[in-house]
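> Structure below; questions to follow.
Each value in this text was obtained by applying a stated rule to the coordinates, not by laboratory testing. Predicted model, so just to flag it, every value in this text is computed and none were measured. Neighbour counts are summed over all protein chains in view; Cβ atoms, including those assigned to glycine, are modelled from backbone coordinates with ideal geometry.
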Amino acid sequence: MNTNFNFLKKIDKNLFQIINEAEELYRDEYFEQCMGQTRRFGENVCKKVLGKNRTVEKTYDDMLATLKDCSNGNIQEQEFITDLYFLKKHGNNAVHSSSVKKDGITALECLKRAFEIAINYAVYNKNASTDILKLHYDTELLVTGKKAKKSLTEKYTEAKTKTSTKEKTSTKSKKQTQTKLKKQSSVMVCKTHKKRISFYWIFTGVSLVISALIMLVLFISLHIK
């Protein structure tokens, strides 16, 4: 099965076996044991880096202190030592914990730190190819044992492109909808209702005319007599 630490196999087989087992423990959800194994990996790397500079140091703490004293203070060394301390801390917590904690997030972080340690060790202590520095920890490879067809960068770029396309489509759709609404409102004209004379007023008018005619006839008749 493939592993993120394949590059380490040719450089240091023992270290590879230790950290490969850590990944297997993680895959089986033995997170505390995984953290304990990464601590073991860090301690063994520390021993190898110290080499002849190691004298009376027996514990991981002692070796880290000596390694810190030997450091030139550059960024790579500082990050290297910080990662080793991280593995020691969480490895100790996992080993000495009185209760089982399914802490997959911290275990994964330990594996990622171990990965960075392995790269630094290979390049700066074993003169491995600097191409290794371009490697990134593949979580999919950790879980499935199969290398992802696309790198994390490619996946990120692809996801970003899809999001951008969706946003553009959504904006275009909104503009088209707004345009349609504006066109609809421009052709909507309220109809003016024609005014009609009601029957009541027709009847009243006719009655007034008839009444006026009757009064006129009566008036004429009275004057003739």
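> If each residue of separation counts as 0.36 nm, what is the full-extension length gain between E79 and D28 once their alpha-carbon separation is subtracted?
Working: separation 51, 0.36 × 51 = 18.36 nm, distance 2.92 nm.
My answer for the length gained is 15.4 nm.
> May I ask for the distance between the Cα centers of the range 89-147 and the range 206-225, given as a whole number of Å?
Using only Cα atoms to place each centre, the spacing works out to 121 Å.
> I want the local charge near N93. Using Cβ-Cβ distances under 13 Å, sum +1 for each Lys or Arg and -1 for each Asp or Glu among the other residues. Display every interim value, and only then the final one.
Working: positive: R39, K88, K89, K101; negative: E32, D103, E109.
Spelling it out: positives minus negatives among the neighbours equals +1.
> For K134 paired with I105, estimate the spin-label separation in nm (one decimal), with each label point 7 Å from Cα along the Cα-to-Cβ line.
For K134 paired with I105, the spin-label model returns 3.3 nm.
> Ok, one more. Once you charge only the Cβ atoms, +1 for Lys and Arg and -1 for Asp and Glu, what is the size of the charge dipole of the range 1-69 about its Cα centre, to the nearest 20 debye? Don't jump to the answer; show the numbers that get you there.
Numbers: 12 positive and 12 negative charges, 99 e Å.
That gives a dipole near 480 debye.
> Give the calculated FRET efficiency between N72 and E167 to the nearest 0.05, with a Förster radius of 41 Å applied to their Cβ-Cβ distance. Can you show the working numbers first?
Numbers: r = 48 Å, r/R0 = 1.17.
Working from the Cβ atoms, E equals 0.30.
> Using 7 Å Cα-to-Cβ label points, what is the F219/V206 separation (nm, one decimal)?
So the label points at F219 and V206 sit 2.4 nm apart.
> Now for a separate question. Using θ = phi - 60° and the Karplus relation 6.51 cos²θ - 1.76 cosθ + 1.60, list the HN-Hα couplings for the range 78-88 in order, rounded to whole Hz, with x at every Gly or Pro.
4, 5, 4, 5, 4, 5, 5, 4, 4, 5, 4
> Just to confirm a number: summing +1 for Lys and Arg and -1 for Asp and Glu over residues other than K58 whose beta-carbon lies under 15 angstrom from that of K58, what do you get?
Working: positive: K47, R54, K88; negative: E43, E57, D61, D62.
In short, -1.
> Which entries in K9/K162; K68/K134; K88/K162; K52/K102 show an alpha-carbon gap greater than 32 Å?
On the way: K9/K162 38 Å; K68/K134 26 Å; K88/K162 41 Å; K52/K102 39 Å.
Those over the limit are K9/K162; K88/K162; K52/K102.
> Considering only the other residues whose Cβ falls under 10 Å of the Cβ of Y121, what net charge follows from Lys and Arg at +1 and Asp and Glu at -1? It would help to have the intermediate numbers written out before the result.
Values: positive: K48, K126; negative: D12, E116.
Once positives and negatives cancel, what remains is 0.
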